[in-house]
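Asks: Quick one: the structure is below, questions incoming.
Just so you know, all these numbers are worked out from the coordinates, no wet-lab data involved. The shown structure was predicted, so the numbers you read here are calculated from the model rather than taken from an experiment. With ideal geometry, Cβ positions are generated from the backbone for all residues, glycine too; neighbour counts draw on all protein chains shown.
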Amino acid sequence: MSVYIDSHKAVLKQVGDLFLDMYSPLPNHHLNHFNPSDGDGYSEIYDFGKLCVGKGKYWVDRPLKMSAETPHHLFGITILLSGTHRIKNHCTQHEYQIRSPMIILRKGSLGLQTIYLQEHKEMSLISLDFNNTFLESIKNHFQHSDLAQFFLTGSSPALKTIHIPNKNALHQAHYLLNLPPAQSSIDLLHLEGAALELMSTLLEDSAKTNDVPLSIKKTISILETNFESKITIRTLAKQVGINECDLKRLFKEYTDKTIGHYLLEIRMKYAQALLKKGVSTENVAIQIGYSSTQYFKKIYERYFGYRC
């Protein structure tokens, strides 16, 4: 059995009967349902070797607190997608008030912790856990990533909160969360692929932010936040406070993409995620800023090499 799943079960055992263990015939897969006497929801965890992915969505009928101690030295990333978590670390007596969307970085044995849950508030999260072997495999490729540096620097137990790098990571996290609980080996492959893509997106986006001029960071933020709107170089330049030529030159220098290609990439990835959820092409076109469905289909086919 997986050390991650064993650790997960040990933590749930410490918090009583809040979660009910559900049988899963799938290898290295564990599923729990929230006890209906306390609330509703589920948690799911799957260890596929390189990475262990967990996801859950639940809400409680009354204020609750869960106290538990993680029995193993682990590395992990928790992405809080909805709700507010208040966490108390009893070793340091430090309290964290974490509002979604937010990322929690974890390393080491953090000792006894208490999580306070708010009543009638949906809480949803993704967790990605890994070991030293995985860290070694990413060290050479992502050593300049702020996120990777948290795990690669120092050996003392630590917890840190950071913002989600950009919309791409947020969209991928929601896509992963909304995958239905696995019922077959094919479902596990979907879960594994989505988790690896999310991890890659988090590491790449974190690495890209290092030493990037503020004007380019602002430009990226505008593109990711307003990608469905009509965006021009002139408008962007005014918003970030530099001239158009410098904006185009610096953006290409630090992202290795033109502004137009970067915007197209954001739109196409978001479109692909919507299509995976079953949204019609007409609605997808509208949501990403195209007034013509036919034009959107043409751009999509040109970008991905297949028809949507």
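Asks: Between segment 165-244 and segment 60-92, what is the separation of their alpha carbon centroids in Å?
Replies: 26
Asks: Over segment 52-108, what is the mean sequence separation of C-alpha contacts under 8 Å (at least six apart), divided by residue count, expressed as relative contact order in percent?
Replies: 36
Asks: Match the structure shown to one of the listed values [x] 18.4, 54; [y] 23.7, 77; [z] 21.0, 62 of Rg and Dmax of the Cα atoms in Å, computed from it, and give that label.
Replies: Entry [z].
Asks: Something else about it: Could you tell me the center-to-center distance, by alpha carbons, between segment 278-308 and segment 12-52 in angstrom?
Replies: The distance from the Cα centre of segment 278-308 to that of segment 12-52 comes to 38 Å.
Asks: How about segment 216-308: which chymotrypsin sites (Phe, Trp or Tyr not before Pro) there lie in a loop by DSSP and see at most 15 other Cβ atoms within 10 Å?
Replies: 306
Asks: Just to be sure I understand: if I project the alpha-carbon convex hull of segment 1-91 onto a plane and average over all orientations, what area do I get in nm²?
Replies: For segment 1-91, averaging the hull's shadow over all directions gives 6.5 nm².
Asks: Toward the positive end of the charge dipole of segment 3-208, about the Cα centre and with charges on Cβ (Lys, Arg +1; Asp, Glu -1), which of 115, 183, 127 goes farthest?
Replies: 115
Asks: Looking only at 145, 291, 124, which one moves most when the chain is put into a Gaussian network model with springs between Cα atoms under 10 Å?
Replies: 291
Asks: Between 275, 223, 18, find the one with the highest GNM mean-square fluctuation for the chain; connect C-alpha pairs within less than 10 Å.
Replies: Of 275, 223, 18, the Gaussian network model singles out 275 as fluctuating most.
Asks: Got the relative contact order for segment 214-304 handy, in percent, Cα pairs under 8 Å and 6 or more residues apart?
Replies: It comes to 28 percent, rounded to a whole number.
Asks: In addition: With contacts defined as alpha carbon pairs under 8 Å and 6 or more residues apart, what's the relative contact order of the chain in percent?
Replies: 13
Asks: Taking neighbour counts of Cβ atoms within 10 Å as a proxy for exposure, in what order, fewest first, do 79, 222 appear?
Replies: Going from sparsest to densest Cβ surroundings: 222, 79.
Asks: For 286, 186, 266, what's the fewest-to-most ordering of other Cβ within 10 Å of each Cβ?
Replies: 186, 286, 266
Asks: Decide, for segment 150-308, between rounded, prolate and oblate: order the square roots of the alpha carbon gyration tensor eigenvalues as a ≥ b ≥ c, take rounded if a/c falls under 1.5, and otherwise choose prolate if a/b is larger than b/c, else oblate.
Replies: oblate
Asks: Counting other C-beta atoms within 10 Å, which of 133, 255, 201 has the fewest, and how do the rest follow?
Replies: In order of increasing Cβ crowding within 10 Å: 133, 255, 201.
Asks: Next question, about the same structure. Looking at 288, 137, 155, which one has the Cα that reaches farthest to the positive end of the dipole of the chain (charges on Cβ: Lys, Arg +1; Asp, Glu -1)?
Replies: The Cα lying farthest towards the positive end belongs to 288.
Asks: Under the rule of -39500 (n - 2.57) per DSSP H run of 4 or more residues, summed and divided by the residues of the chain, what mean residue ellipticity at 222 nm is obtained, to the nearest 500 deg cm²/dmol?
Replies: Calculated from helices alone, the mean residue ellipticity at 222 nm is -13500 deg cm²/dmol.
Asks: May I ask you to derive the FRET efficiency for residue 92 and residue 214 from their Cβ-Cβ distance with R0 = 35 Å, giving the value to the nearest 0.05?
Replies: E(calc), rounded to 0.05, equals 0.55.
Asks: Sticking with this structure for a sec: Need one word for segment 214-304: rounded, prolate or oblate. Basis is the Cα gyration tensor (sqrt eigenvalues a ≥ b ≥ c); a/c below 1.5 gives rounded, then a/b vs b/c decides.
Replies: It is prolate, given that a/c is not under 1.5 and a/b is the larger ratio.
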